[in-house]
Amino acid sequence: MGFVLQSARLGKHGFRHGFSLRAAGDFALLRDPEKLRAAQAAVGEAVGFDPARLYQVRQVHGARVLEGEGDRVALEREEADALVGRSTGSRPAVAVRVADCVPILLADPETGDVAAVHAGWRGVEARILQASVTSVTRDGSRLVAAIGPCIGPCCFEVGEDVAERIAAVSAPAVVVGRAAPKAYVDLRAAVRAQLRDLGLADEAIEDVGACTRCNPTDYHSFRRDGEASGRLLAVIVAGV
């Protein structure tokens, strides 16, 4: 299977991108710098980008969106949960890191502008996708999106209050099971519902990969492995 999974929809429009697999390594920023550089180089080669042009941020489960430009090191200290890459200029690679949360890659085939988005349930509730889509384009119907590997409804158990909060900002059907005082939620479906509400056609949204918690061979998972969990990378390069 290699180091990355890719979206047929994004690929059809010529966007270089990928969702890393566990075989690529651990993309946590504050662990082993040498191993991180090796992992970034492996995914850079597989996707087609220079790791020196890779932009990331400090993710905090909020709704702030930043531009992937300027000083890369300084940007990594900024708190945000999405990065936009513009097709003009240096055409950066923008990325987010996940270990059960939902990674979403957005692209505008008309302009070549892109975004990488990190959405846990708090980000879904905070409407990080709305902030991200409107940062890329005024017309969400132009976008294509790929939803990457994340925790599935089989494993995402939360309190009933959290389930209702997620449903309130997406759709009631995202709550797929209840066993009081807990409930099971489909985060992918919640993300898809929000993207549809922002103008994306259902056929323009592609699900890529499987449940991170269920598949230890392919994915890192915080729910499964706790603090020992690594991080996966979702990356997309501006321009086509």
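Could you check region 69-96 and list, in sequence order, the residues that are under 15 Å from the mean Cα position of the chain (by Cα) and not β-branched (Val, Ile, Thr)?
Hits for region 69-96 are ALA80, ASP81, ALA82, LEU83, GLY85, ALA93, ALA95.
Which one is surrounded by the most Cβ atoms within 10 Å (Cβ to Cβ) among residues in region 1-57 that are free of Cβ contacts under 8 Å to residues at least 12 places away in the same chain and over 25 Å from VAL240 (Cα atoms)?
The selected residue is LEU36.
When you scan region 192-207, how many residues do you find that are of a type in the set (Asp, Glu) and either without any contact (Cβ under 8 Å) to a residue 24 or more places away in the chain or in a helix (DSSP H, G or I) (or both)? Before you say what the answer is, go through the steps one by one.
As a first pass, look at region 192-207 and keep what is of a type in the set (Asp, Glu): 197, 202-203, 206-207.
Still in the list and also either without any contact (Cβ under 8 Å) to a residue 24 or more places away in the chain or in a helix (DSSP H, G or I) (or both): 197, 202-203.
Selection size over region 192-207: 3.
Being surrounded by fewer than 22 Cβ atoms within 10 Å (Cβ to Cβ) and touching a residue at least 40 places away in the same chain (Cβ under 8 Å) is the filter here; which residues of region 90-110 pass it?
ARG91, PRO109
Which one of these is in contact with a helix residue (DSSP H, G or I) (Cβ under 6 Å, 6 or more places away or on another chain), modelled with pLDDT of 95 or more and not β-branched (Val, Ile, Thr): ALA204, ALA146?
Being in contact with a helix residue (DSSP H, G or I) (Cβ under 6 Å, 6 or more places away or on another chain), modelled with pLDDT of 95 or more and not β-branched (Val, Ile, Thr) holds for just one of ALA204, ALA146, which is ALA146.
Yes/no matrix, rows are residues, columns are (1) closer than 23 Å to PHE27 by Cβ; (2) in contact with a Ser or Thr (Cβ under 7 Å, 6 or more places away or on another chain); (3) in a loop (DSSP other than H, G, I, E, B):
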{"position": "ALA146", "(1), (2), (3)": "yes, yes, no"}
{"position": "CYS154", "(1), (2), (3)": "no, no, yes"}
{"position": "VAL158", "(1), (2), (3)": "no, no, no"}
{"position": "ILE166", "(1), (2), (3)": "no, no, no"}
{"position": "ARG178", "(1), (2), (3)": "no, no, no"}
{"position": "ALA190", "(1), (2), (3)": "no, yes, no"}
{"position": "ASP218", "(1), (2), (3)": "yes, no, yes"}
{"position": "ASP225", "(1), (2), (3)": "yes, no, no"}
{"position": "ALA234", "(1), (2), (3)": "yes, no, no"}
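Does at least one position in region 134-144 carry a residue that is over 19 Å from VAL94 (Cβ atoms) and in a strand (DSSP E or B)?
No, every residue in region 134-144 fails to be over 19 Å from VAL94 (Cβ atoms) and in a strand (DSSP E or B).
Just checking, does region 76-85 include any residue being of a type in the set (A, V, I, L, M), in contact with a strand residue (DSSP E or B) (Cβ under 7 Å, 6 or more places away or on another chain) and either without any contact (Cβ under 8 Å) to a residue 40 or more places away in the chain or more than 25 Å from THR137 (Cβ to Cβ) (or both)?
yes
Within region 210-236, which residues are of a type outside the set (A, V, I, L, M, F, W, C), more than 19 Å from ARG122 (Cα to Cα) and either free of Cβ contacts under 8 Å to residues at least 40 places away in the same chain or surrounded by fewer than 21 Cβ atoms within 10 Å (Cβ to Cβ) (or both)?
Those that are of a type outside the set (A, V, I, L, M, F, W, C), more than 19 Å from ARG122 (Cα to Cα) and either free of Cβ contacts under 8 Å to residues at least 40 places away in the same chain or surrounded by fewer than 21 Cβ atoms within 10 Å (Cβ to Cβ) (or both): ASN215, PRO216, THR217, ASP218, ARG224, ASP225, GLU227, SER229.
Which number in (1) over 14 Å from VAL237 (Cβ atoms); (2) within 15 Å of the chain's Cα centre (by Cα) marks the one condition that TYR55 misses?
For TYR55, the failing item is (1).
Of the residues ALA163, ALA168, ALA145, ALA183, only one is at negative phi and either charged (D, E, K, R) or surrounded by fewer than 19 Cβ atoms within 10 Å (Cβ to Cβ) (or both); which? It would help to see each step written out before you state the result.
Working: ALA163 fails: either charged (D, E, K, R) or surrounded by fewer than 19 Cβ atoms within 10 Å (Cβ to Cβ) (or both); ALA145 fails: either charged (D, E, K, R) or surrounded by fewer than 19 Cβ atoms within 10 Å (Cβ to Cβ) (or both); ALA183 fails: either charged (D, E, K, R) or surrounded by fewer than 19 Cβ atoms within 10 Å (Cβ to Cβ) (or both).
When all the criteria are applied, what remains is ALA168.
On the given criteria, is GLU69 within 28 Å of ILE166 (Cβ to Cβ), surrounded by fewer than 18 Cβ atoms within 10 Å (Cβ to Cβ) and not hydrophobic (A, V, I, L, M, F, W, C)?
On the way: within 28 Å of ILE166 (Cβ to Cβ): no; surrounded by fewer than 18 Cβ atoms within 10 Å (Cβ to Cβ): yes; not hydrophobic (A, V, I, L, M, F, W, C): yes.
Criteria not met by GLU69.
The values are calculated or read from the model by the stated rules, or taken from the named source; none is laboratory data. Not measured: the values here are computed from a predicted model. All Cβ positions, even for glycine, are placed from backbone atoms using ideal geometry, and neighbour counts span all protein chains on display.
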